[in-house]
Structures are given as structure tokens and as C-alpha cells.
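Enquirer: Dropping the structure in here first, questions after.
The values are calculated or read from the model by the stated rules, or taken from the named source; none is laboratory data. This structure is a prediction, so every number in the text was calculated from the model and none was measured. Here the Cβ positions follow ideal geometry from the backbone for every residue, glycine too, while neighbour counts run over all protein chains shown.
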Amino acid sequence: MATIELRDVRKTYPNGVEAVKGIDLAVADGELIVLLGPSGCGKSTLLRMVAGLETISGGEVRLAGERINDKEPAQRDIAMVFQNYALYPHMSVFDNMAYGLRNRRTPAVEIERRVKEAAETLGLAELLKRKPRQLSGGQRQRVAMGRAIVREPKAFLFDEPLSNLDAKLRGQVRVEIKRLQRRLATTSLYVTHDQVEAMTLADRLVVMNSGAAEQVGTPEEVYGRPASLFVAGFIGSPAMNIVEGTIGDGGDTVRLAKGSGSDGATSATFAFEHTGPLAAKRKVKVGLRPEHLVPDPAGLLALTIDLVENLGADRLLHGHYAHAARGDAAADPVIVVRVDGTARYRAGETLRFTAARPHVHLFDAEGGRRIEGA
Amino acid sequence: MIKRATFGGLALPYALLLPQVVVTLVFFFWPAGQALLQSVLIEDAFGLKSSFAGLANFESIFSDANYLNSLRVTFVFTAASCSLSMTVALLLAAMADRIIRGAGAYKTLLIWPYAVAPALAGVLWGFMFNPTIGVVAYVLQALGIKWNFYVDGDQALFLVTLAAAWKQVSYNFIFFLAGLAAIPRSVIEAAAIDGAGPFKRFWTIVFPLLSPTTFFLLVLNVVHLFFDSFGIVHALTGGGPGGDTEILVFKVWSDGSRGTNLGSSAAQSVVLMAIVIALTVMQFRYIERRVHY
Amino acid sequence: MVENRPWLAFARHAILAAGILFICLPLWITFVASTHDESRMVKGTAPLWIGDHLVENYRAVLLKGLGEGANAPPVWPMMVNSLIVAVVIAVGKIAVSILSAFAIVYFRFPFRMGFFWMIFVTLMLPVEVRIFPTFKVVADLDMLNSYGGLTIPLIASATATFLFRQFFLTVPDELGEAARMDGAGPMRFFKDILLPLSRTNIAALFVIQFIYGWNQYLWPLIVGTDEKYYTVVMGISRMVNAVDTAPQWNLVMATAMLALVPPVLVVLVMQQLFVKGLVEAEK
């Protein structure tokens, strides 16, 4: 059972910078957890603490129930795939994969078996005698994975392994990684800044920002019920539209700024899911995903289109509130809507939209936390 | 490599090259040619006439006991000094490589001997080991060693080797440090995760990856030791006692300044030239082959 | 290092400290010796701590040398000579090589590669290998005992030319093309564009060549036989090997300090530049 537990794990550098601010996480055996976030959010630091390449300033890391804070990397029985592969340049592919096993005094026969098997799985069987400089980027990537696989460790750690590959290759290798991990059922931690990678690979995601975890959840949860403005804006492309709103008198609707409705005096009003009424007149931020704004002649939201981007299968409409007072940015945000590619809208047109209740997200105006029940 | 953007005109490039070409012809090629010429000539007893002697001069120096002694001394000196300075420099560079605090200070304190003239290095070390007032000599004598390098040839060679190595360490240190810095950190980390401890990592990963630097330094050290150490020997031992520290380059000078046998002196110069050329060619060949990975 | 073990960090610093001791001890001993008076130097072993004759010794040595009869002239004029030689060699080498590199890289002309190889060959001919014939040439040209004789034969440098050539090859072609479109001739391009870009290389090379020039030993030894043209580094040997009397160590060491301080200072002040230049030049 190779579970990973992180309890209030912290990292503070000697110069006072807090890179990781208390992360709690319980990874089940065989789960693939993705640490997602922008550069500098602490995800790589966290991974390296689990690997043993960074010291842990506070908290505890447990692997298979055992505390590993003070163990050297070599003793943790984990394997890591680096962003730039980190293959040993002077060794052949075979030796690269065998190195870790040789250090652990695995018998040569066993080494040969494991390396050959991994090479078969990864399509490297013909390349065993080559040196890294004779391989393409994608091949080197696979050797790096092969090196991790043969060790049969308790956990895999991936540090942005796809960043150095070109877009097409990235897609292919991503799928291979997913299949491989499923087959081997090894617990894995995977770091990336690419939300597409994160969503497709993860069993669960940890969205990180400035050293703290903003949300831990499945891809569905993170997409459908983002816990904060940060998560809402980070997941989904194009990004969720965030606009100002005010809770209506009944406490169960939210009104957008004046001019968002059918004329200059009205505001678009949306109902949202709630467990209990909210304070009337409360100011909030409203999140509406571009793909969830649906053209509807009876819709309460009126937008004038400024620009149409044609993506082929979809079109992106950039627009603003049809009747907004111009010049006031808060009352006149840019709204992006995704519509089907067959629709033939043009710049200058005014259209009306609705959004279903589950797709209306409310966030606290200060702090950005999701308002629960919404 | 050819530059795409070039300028026209003929007079200008020749004019630009002129200073270097003139100096090179007058002070490099002409004298080198003279040396080559003289090495195959023998002068008669009165220095009036020279006659072609083929390789006679070379044969005679290679059968001269003094010359052979000089070869031996040079070989020992070079091998010892080279291994000592490279080992020490590698050790220090490996230690300095991943230190975060104080790295700059360590580097500064270790590289300054590069600026010290070899002759001065000889003077400094000679002073420390001086049998009458040297501090280290004092310690040695207290330990029961009869230290007097003016008299004991082996001790003299030892001291000269030490002084030369001292000077070389700073140079090697700089290059080893650069070579170590060029090894990606992630490769070392991968090795650590693969179960290799610090010593194992050094021997199986770092040292092999450092081999181009090591080879390069080896050749460079040998060239320096062959030629720059003239100053050390001249200032420290004068080639003595009794020729026990007479390295080849020193012998060329001392025989030549006596002026008795021009042909022999020229032949010695030619031998030195051949050695340098061989080493430089080796260096370039090796670099061509191994430069990319 | 990847690990965390404290003893490893301690060992590193200990070894480095030992290394520093090995490297710096001779300097310390020398400096200490230069600050004592003569009587202290004669008895027992050399002192280990600084004495109080610093100013007297240095002043004496700079102005009077070792005194009459010791064939060791005042040091100050020698230092001036060293400075002249070092600067002339450094500036000369850089000027000559940068022009040659410019010609070889940016022009097409017959025998271009021939010149290149000719310069390359000089890499293999350090002065020690051709001393006496070169001496003869200098004597024939009546350049003995002159600043010219001390410097010119050492000015053509293959390494500097290579360094500049290598650097020029990395300058984007577009710059040369843009300059031509802007009506700049070759020398204008050189002066306004190439030269400013080469600033760091020039500075780094200057450091290295200055040291090379200052530390010249064998060549000044045979070319500068007149006391007037002694440089401080070759002057030392005459002091140490003073035939009749035991060397006055305190003064000799003061001279040694004076001889090594300028180049060491240059290295320390320009450390970054120096290291960069060294690593680039030898590639």
C-alpha cells in the first residue's frame, strides 16, 4: 500500500521566503494526483520535498505510512522523471535505466529482465545501445520514464515532464503516461502548469497559488465548483468571465451591472443554486463560463459583439453589455462567449443570452472564496 | 565558418593584417627558421664556418648524459607537478562547487596565484624552505629531516615541483569549477534518487562527465610546466644542484647563453618545438571529436 | 550537494580551508618578512607575525634598492618599467589581434586562410623555444635595451586573435548588413558597432595580457641588460642570487611583494571578467 500523506508541509527559505505554506493532502494507493499552478506557486518545491531534494521546514511527509522527512532520496524508494529528462549523457540507454538498480545491488539477471521489459513497453527496444545525444526529445522522455519504471518504486514523481516537447508530441505522450500509470497502478504525483494536462491526467487535482492549496478535488469538482476566483480563472479555456453583481432583494437572485439587460436601465438577473438565502444588496463577483452562456432570444443578458474569433468547430464572441455606460470598466467588462461554429454572428450585432442555474458561480467580493450554496 | 556579410576591397584587409604579419614574420618565423637551420649545421672549432650535418646534432644530444638527465628531470617534474596540482584543484573545485554561502570569497582566495610570476613563486617557496631561515624548513628539521635543497638534488626537485604545482592549482581550479558548473544539476539529482551516495556519484557520474575538461587541462598543464617554469627553476635553484633540476627549457637557455655549441642548442630548441606542436595538435584533434554531447 | 548530512558541509569547508592555507601561506610569510628589520631576519627562522618596519623597508627598497654594491637598483624605476612593458604589451596585443581578426572574418581576399594558419602556428612557438635566434634578430635590429625590444616581439598573439575571431563569428550577420545599408564603410562599422560589442572581451583580455606582460621573465632577462631597463620581476632574481653577501631577506621580500601586488590586484578587482576571459580564450 503506497499511500502518500502530507500533513501541514511547509518550506521556508533561509532568506525568509515561504515557498510552501502548510499543505495537507492524502493520496490513495495508485492515485495520480496533479499539482497544478502558475510559475512560482510552490508546486515543484513541494514535489522536491517529497523526493528529498529539498529539506522540509515544517510538517510531515509519509510514504506507505512511514515518515520520510529525514530520509535521503536514495532511501525513499521513489522514482522521479525530470523536466529536462536528466539522462546520464555518457551512458547508453540500457545503462541509464540500469543505474538505479545496480546501485541497489540488484542481480544482473533481474536488471536485464526489468530493463528489457520496460524497453518493450515504451518502444525503446531498438535503442538500448544508443547514447542520449543520439535520441530525439520524445525518445529521451521515454528513457527517463523507463528509468523510473524499472525501479518499481512505491511512488512516481513527475516534474513537468512534457514541457520540453512540442505540442503534437505532448498530446501523444500524455496519453501514454496515463495508460502506463493505470497499468502499473503506482501512486503518482505530477507537477504541471498546463491545465489541459492536469485535467486529462488527474484522478484528483491540487490547485496551488503562492505556496498554498486553493482547492483539492477531482477535475469535475474543480471545473464545476471552483473554490475561489483563482481556481475559477485558472481552469477552463477561455477563462471564466468574472463580473460585478449585487444580490437581489429576495436573496436568491443576482443582478449584474446596469446596462447588462435589455435597455440602459435594466440589469441581467440570474438565479443561482443555493442552500439558503443570501443577504440582499450584498456585492459579489459573478462567474459565468464562456461555454455556459447560451444564445436565447428571451435571455436577460444583452451583449453587443465587438469581435468574432473563428476556431473552426467553435467561435468565440468578444462583447460588452449592450447598454452599458461606456468608460466605466467595472460596469462594462469584456465578456467572452463560446458558440457553435455554425453560428453566423457578426461584429456589431446585439444578442441575448441565458445561463442555467448550476452554471452561475458566486464569489465573495473580498477574498474571492466561493460562496457556498451557490 | 563563413560570414555572410563581408566588405569588399583588398587594400584594407591587408593593411589590417600587416602589423601582426610583420611581427610574426620577423620575430617568429625568421628566428624559428634560423633555429631549424642551425640545428642541422655544425660549426667548426673557430666558429667561422658551418657545414651541413644532417641529424648529427640531434644524435649527439640524445646520447649526451646531461641531456638525457634533463629529459628525466623534466619528465619527473612534469608528471609530479601535473598530478599534484590537478588532484588538489579538482578536490577544491568539487568542494567549492555547491557551496552557496562564501563561494565568492573562496574563489577569490584561491585564484590569485595565477597573477604571480613563476619566478616570484620560486622566490616565495625558496624563502619558506630556506635551510637557514625558512619556516617550513624549520618544521622539517624539527621532524628530523636534514633539509637543504641547495645540496640535495631530490629535495630541490621536490621543492621546484611544489612551487610549480602551487601556481598551477589556481588555473586548474578555475577550469574545473567551470566544468563542474556545466553538469546539469538534475543529472546529479537523478543519480541521488537512483541510489548513489556522494562518493559514488562523483566517480560514476561527475568524473566521467568532466573528462573533456580534465584532458584539456592535462595538455595545458604540460605545456605550462615545460615552458613557464623556467622562472621557477632560474630563481630557485639555477638548475642545480648539479643539474638535478635542469628541465629542458632551462638547459636550452643555459647552454645557449654559454654560446659554445650553437648547433646543439638549436637542436634542443627544435626538440622542444616538436613537443609543443605534438601536444597542441593532440589537443585540437581531441576537441574536434568530443566537443558535443 | 543533494544530501542533508551536516558532516558533509563541515568536511567541505574544512578541505577548502586547508586549500586556502596551502595557497595563501607563502604570501603571508613573505609579507611578514617584508615588515621586519634586518637583524630579525638574520637570527633563527623567519617571523610568523607582522613586524613594525613596514614603511621603512618599502621606502628603502623603492628608492634605494638593496644599497650599494648589491647589484640591485631601486625598485621604483623597475616598477615603472614593468608597468610600461605590461601596458604596451597588453594594448599592443589587443590592438594588433582585433584588427587581424576583423580582417580575417569580415573580408574576402587571396591567402585569407593562409594568413589564418600562419597566425595559428605561432601558438606553438612560445618565446622560450626560439630565444636565441629571436635575440639575435632583436640585436641586429638594434632594439636591445629599449622598450621596443622588450615589447614588440611579444605582441603578435594567436590566442587573442582567435578569441576575437570566435567572438566576431557570433555577431549576427544582420548587424553588418544593416550597417552597409546605412552607408557605413568597414572601418566605421568596426569602430561604431564591433568595438563597443567587444568591450567585455577586450577588458577580459586586457587583464590576462597585462599579467602576462608584467610577469615576463626570460625575455627581459636577456634583452634588458642595462639596469635602466630592468623590470621588477626579473630584477628579483638578481637580488636573490646575490653572489657575495647573504640576501637581505626583509628587503628582498618587500621587493617580491611589490612585484606581485599589481597583477594580483588587477585579478582581484576584475575577477569576474578575468575568469570569463580565461575560460573563453582557451576554448
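Enquirer: If you take the residues of region C:209-239 that are of a type in the set (D, E, K, R) and part of a helix (DSSP H, G or I), which of them is nearest to the other protein chains (Cβ to nearest Cβ)? Don't jump to the end; show me each part of the working.
Expert: Initially, region C:209-239 is screened for residues of a type in the set (D, E, K, R), giving C:226-228, C:238.
Filter again for part of a helix (DSSP H, G or I), leaving C:227-228, C:238.
Details: C:Glu227: 18, C:Lys228: 20, C:Arg238: 10 Å.
The selected residue is C:Arg238.
Enquirer: Output the number of residues of region A:357-374 satisfying the condition of being farther than 18 Å from A:Pro277 by Cβ and surrounded by 13 or more Cβ atoms within 10 Å (Cβ to Cβ).
Expert: 3
Enquirer: Follow-up question, since we're still on this one. Looking only at region A:219-229, decide whether some residue is touching an Asp or Glu at 6+ places or on another chain (Cβ under 7 Å) and either assigned to a helix (DSSP H, G or I) or of a type outside the set (Asp, Glu) (or both).
Expert: Initial filter on region A:219-229 (touching an Asp or Glu at 6+ places or on another chain (Cβ under 7 Å)): A:227-228.
With the extra rule that they be either assigned to a helix (DSSP H, G or I) or of a type outside the set (Asp, Glu) (or both), the set shrinks to A:227-228.
Within region A:219-229, one or more residues are touching an Asp or Glu at 6+ places or on another chain (Cβ under 7 Å) and either assigned to a helix (DSSP H, G or I) or of a type outside the set (Asp, Glu) (or both).
Enquirer: Of the residues in region C:175-188, how many are of a type in the set (A, V, I, L, M), surrounded by fewer than 17 Cβ atoms within 10 Å (Cβ to Cβ) and at the interface with chain B (Cβ under 10 Å from one of its Cβ atoms)?
Expert: Total meeting the criteria: 3.
Enquirer: Within region A:34-79, which residues are more than 30 Å from A:Phe234 (Cβ to Cβ) and part of a helix (DSSP H, G or I)?
Expert: Scanning region A:34-79 gives A:Pro73, A:Ala74, A:Gln75.
Enquirer: Moving on. Just one of (1) more than 14 Å from chain A (Cβ to nearest Cβ); (2) of a type outside the set (Ser, Thr, Tyr); (3) surrounded by fewer than 19 Cβ atoms within 10 Å (Cβ to Cβ) trips up B:Phe207, so point out which.
Expert: It is condition (1) that B:Phe207 fails.
Enquirer: Then there's this: When the residues of region C:98-114 are filtered to those that are within 7 Å of chain B (Cβ to nearest Cβ) and touching a residue at least 40 places away in the same chain (Cβ under 8 Å), which remaining residue is nearest to C:Arg199 (Cα to Cα)?
Expert: In the first step, residues of region C:98-114 are kept if they are within 7 Å of chain B (Cβ to nearest Cβ); the result is C:99-100, C:102-103, C:105-109.
If we keep only those that are touching a residue at least 40 places away in the same chain (Cβ under 8 Å) as well, we get C:100, C:102, C:105-107.
Working: C:Ser100: 17, C:Phe102: 15, C:Val105: 18, C:Tyr106: 18, C:Phe107: 22 Å.
Per the stated criteria, the residue is C:Phe102.
Enquirer: Another question, then. I'd like to verify a number: residues in region C:115-126 that are in a helix (DSSP H, G or I) and within 7 Å of chain B (Cβ to nearest Cβ), how many?
Expert: Going through region C:115-126 one residue at a time, the tally reaches 6.
Enquirer: Another question, if that's okay. Could you tell me which of the residues A:Leu101, A:Leu157 is of a type in the set (A, V, I, L, M, F, W, C), within 14 Å of chain B (Cβ to nearest Cβ), touching a strand residue (DSSP E or B) at 6+ places or on another chain (Cβ under 6 Å) and touching a residue at least 24 places away in the same chain (Cβ under 8 Å)?
Expert: Working: A:Leu101 fails: touching a strand residue (DSSP E or B) at 6+ places or on another chain (Cβ under 6 Å).
Residue meeting the stated conditions: A:Leu157.
Enquirer: OK, next. Could you list all residues from region B:170-199 that are hydrophobic (A, V, I, L, M, F, W, C) and over 21 Å from A:Gln83 (Cβ atoms)?
Expert: Scanning region B:170-199 gives B:Phe173, B:Ile174, B:Phe175, B:Phe176, B:Leu177, B:Ala178, B:Leu180, B:Phe199.
Enquirer: While we're here: Looking at (1) part of a loop (DSSP other than H, G, I, E, B); (2) over 20 Å from the mean Cα position of the chain (by Cα), which one does C:Arg188 not meet, given that it meets all the others?
Expert: Failing condition for C:Arg188: (1).
Enquirer: If you go through region C:121-137 one residue at a time, do you hit one that is in contact with a Gly (Cβ under 7 Å, 6 or more places away or on another chain), surrounded by 23 or more Cβ atoms within 10 Å (Cβ to Cβ) and under 21 Å from B:Gly33 (Cβ atoms)? Walk me through it before giving the result.
Expert: We begin by selecting, within region C:121-137, every residue in contact with a Gly (Cβ under 7 Å, 6 or more places away or on another chain); these are C:131-132.
So of that shortlist, the ones also surrounded by 23 or more Cβ atoms within 10 Å (Cβ to Cβ) come out as C:131.
Next, from what is left, pick out any that are under 21 Å from B:Gly33 (Cβ atoms): C:131.
Yes, region C:121-137 has at least one match.
Enquirer: When region C:139-152 is examined, which residues are found to be under 25 Å from the mean Cα position of the chain (by Cα), more than 8 Å from chain B (Cβ to nearest Cβ) and of a type outside the set (Ser, Thr, Tyr)?
Expert: Listed by number, the residues that qualify are C:Ala139, C:Met143, C:Leu144, C:Asn145, C:Gly148, C:Gly149, C:Leu150.
Enquirer: Restrict the check to region A:51-74 and report whether at least one residue is hydroxyl-bearing (Ser, Thr, Tyr) and within 14 Å of chain B (Cβ to nearest Cβ).
Expert: First pass over region A:51-74, keeping only residues hydroxyl-bearing (Ser, Thr, Tyr): A:55, A:57.
Those still in the list that are within 14 Å of chain B (Cβ to nearest Cβ) too: A:55.
Within region A:51-74 (the criterion being hydroxyl-bearing (Ser, Thr, Tyr) and within 14 Å of chain B (Cβ to nearest Cβ)), the answer is yes, since at least one residue qualifies.
Okay, residues lined up against (1) free of Cβ contacts under 8 Å to residues at least 24 places away in the same chain; (2) outside any loop (DSSP other than H, G, I, E, B):
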position	(1), (2)
B:Leu25	yes, yes
B:Gly33	yes, yes
B:Gly54	yes, no
B:Ile61	no, yes
B:Ser70	no, yes
B:Val76	no, yes
B:Leu92	no, yes
B:Met95	yes, yes
B:Pro113	no, yes
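Enquirer: When you check B:Asp244 against the structure, is it more than 10 Å from every other protein chain (Cβ to nearest Cβ) and of a type outside the set (Gly, Ala, Ser), yes or no?
Expert: yes
Enquirer: Looking at A:Gln181, A:Gln134, which is the one that is touching a strand residue (DSSP E or B) at 6+ places or on another chain (Cβ under 8 Å) and surrounded by fewer than 24 Cβ atoms within 10 Å (Cβ to Cβ)?
Expert: Values: A:Gln134 fails: touching a strand residue (DSSP E or B) at 6+ places or on another chain (Cβ under 8 Å).
From the options A:Gln181, A:Gln134, the qualifying one is A:Gln181.
Yes or no, residue by residue, for (1) more than 10 Å from chain B (Cβ to nearest Cβ); (2) farther than 25 Å from C:Val121 by Cβ:
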position	(1), (2)
C:Leu154	no, no
C:Thr159	yes, no
C:Phe164	yes, no
C:Thr170	no, no
C:Asp173	no, yes
C:Leu194	yes, yes
C:Leu197	yes, yes
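Enquirer: Any idea how many residues of region A:188-216 are part of a strand (DSSP E or B) and more than 20 Å from A:Ser228 (Cα to Cα)?
Expert: Final tally of qualifying residues: 4.
Enquirer: Also, quick follow-up: If C:Thr159 meets every condition in (1) crowded, with 19+ Cβ neighbours inside 10 Å; (2) at pLDDT below 85; (3) of a type outside the set (A, V, I, L, M) apart from one, which number is that one?
Expert: Among (1) crowded, with 19+ Cβ neighbours inside 10 Å; (2) at pLDDT below 85; (3) of a type outside the set (A, V, I, L, M), the lone unmet condition for C:Thr159 is (1).
Enquirer: If you don't mind, another one. Taking the stated definitions as given, is A:Arg170 among the charged types (D, E, K, R) and either closer than 28 Å to A:Lys285 by Cα or in contact (Cβ under 8 Å) with a residue 40 or more places away in the chain (or both)?
Expert: no
Enquirer: Have a look at B:Phe227, B:Phe250 and point out the one that is at pLDDT 85 or above, out of contact with any Phe, Trp or Tyr (no Cβ under 7 Å at 6 or more places or on another chain) and either crowded, with 18+ Cβ neighbours inside 10 Å or more than 12 Å from chain C (Cβ to nearest Cβ) (or both).
Expert: B:Phe227
Each row is one residue, and each column tells you yes or no for (1) part of a loop (DSSP other than H, G, I, E, B); (2) closer than 20 Å to C:Trp28 by Cβ; (3) aliphatic (A, V, I, L, M); (4) more than 11 Å from chain C (Cβ to nearest Cβ).
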site: B:Ala137; (1), (2), (3), (4): no, yes, yes, no
site: B:Ile145; (1), (2), (3), (4): yes, no, yes, yes
site: B:Asn148; (1), (2), (3), (4): yes, no, no, yes
site: B:Asp154; (1), (2), (3), (4): no, no, no, yes
site: B:Lys167; (1), (2), (3), (4): no, yes, no, no
site: B:Ser170; (1), (2), (3), (4): no, yes, no, no
site: B:Ile174; (1), (2), (3), (4): no, no, yes, no
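Enquirer: Search region B:176-188 for residues being in a helix (DSSP H, G or I) and within 14 Å of chain A (Cβ to nearest Cβ), and hand back the single one that is surrounded by the most Cβ atoms within 10 Å (Cβ to Cβ).
Expert: Restricting attention to region B:176-188, the residues satisfying the condition of being in a helix (DSSP H, G or I) are B:176-181, B:185-188.
This time we only want the ones that are within 14 Å of chain A (Cβ to nearest Cβ), so: B:179, B:185-188.
Details: B:Gly179: 22, B:Arg185: 14, B:Ser186: 17, B:Val187: 21, B:Ile188: 24.
Among residues in region B:176-188 that are in a helix (DSSP H, G or I) and within 14 Å of chain A (Cβ to nearest Cβ), the one surrounded by the most Cβ atoms within 10 Å (Cβ to Cβ) is B:Ile188.
Enquirer: Let me ask something else about it. Which count do you get for residues in region B:224-264 that are without any contact (Cβ under 8 Å) to a residue 40 or more places away in the chain, of a type in the set (Gly, Ala, Ser) and not in a loop (DSSP other than H, G, I, E, B)?
Expert: 3
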